[in-house]
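The values are calculated or read from the model by the stated rules, or taken from the named source; none is laboratory data. On a predicted model such as this, the values are computed, not experimentally measured, just so you know. Cβ: placed from backbone, ideal geometry, glycine included. Neighbour counts: every protein chain shown.
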Amino acid sequence: MNKETLATFWQDRYRNGQTGWDIGYPSPPLTEYLDQLPDKTLRILIPGAGNAYEAEYAWRQGFRQVYVLDVAPEPLEAFRQRVPDFPENQLLQGDFFTHQGEYDLILEQTFFCSFPPDPETRAAYARHMHELLVPGGKLVGLWFRFPLTDDLEKRPFGGSREEYLGYFAPYFTTKTFAPAHNSIKPRAGNELFGIFTRL
């Protein structure tokens, strides 16, 4: 998909309420991680953020350099309404794969699983995450652990721990990558929580 087609695809999903990935509140593994961070000056990117509950949580906890990136305008507008004191210049509409910036931390939450799971795109994701992070920066989040099927339209797309590590190994050291102990009930056993440090 080109950028315009991609934006329209996701915009239609939001308008039609086809947002089964949206749990309506920040994901517990990510809020627990954020709660452990003493440095509120970190530059944080949340790509493919959707309604960005994690960004709202971080903002409420005093993180002031949180950047929300999504290709569709609808969820960004919903976020503006929900969090009116959030800086406008930190709400970014655009394509992750062409986005430029420098961040200390990138949070992954149902973004990786949203795009077609071909090896080229998944490798490009890992490479661009590396490019966006400062040396020593961290990629932290959740990845679905269930097999891929032949249906390349039905999201979310899963994968295996070994596959994911294959993409990340050239760019990151792995601090942890294991089944999340605090997933929401419908996702229990199907999420891997990872902390990866940029090489």
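Taken as a whole, the condition of being within 24 Å of I195 (Cβ to Cβ) and surrounded by fewer than 14 Cβ atoms within 10 Å (Cβ to Cβ) applies to V134. Applying the criterion of being out of contact with any Asp or Glu (no Cβ under 7 Å at 6 or more places or on another chain), among the polar types (S, T, N, Q) and surrounded by 13 or more Cβ atoms within 10 Å (Cβ to Cβ) to the residues of the stretch 139-197, the residue that is farthest from E54 (Cα to Cα) is S160.
Quick one: which helices (runs of 4 or more DSSP H) lie wholly within the stretch 1-75 and hold at least 1 residues that are modelled with pLDDT of 95 or more and more than 21 Å from H99 (Cα to Cα)? Reasoning before the result, please.
Values: elements: 3-15, 28-35, 53-60.
Filter on the stretch 1-75 gives 28-35, 53-60.
Among the residues making up the stretch 99-120, a single one is modelled with pLDDT of 95 or more, under 19 Å from E162 (Cβ atoms), surrounded by 15 or more Cβ atoms within 10 Å (Cβ to Cβ) and of a type outside the set (D, E, K, R): F112. In the set (1) of a type in the set (A, V, I, L, M); (2) buried (at least 21 other Cβ atoms within 10 Å of the Cβ); (3) out of contact with any strand residue (DSSP E or B) (no Cβ under 9 Å at 6 or more places or on another chain), A78 fails one condition alone, (2).
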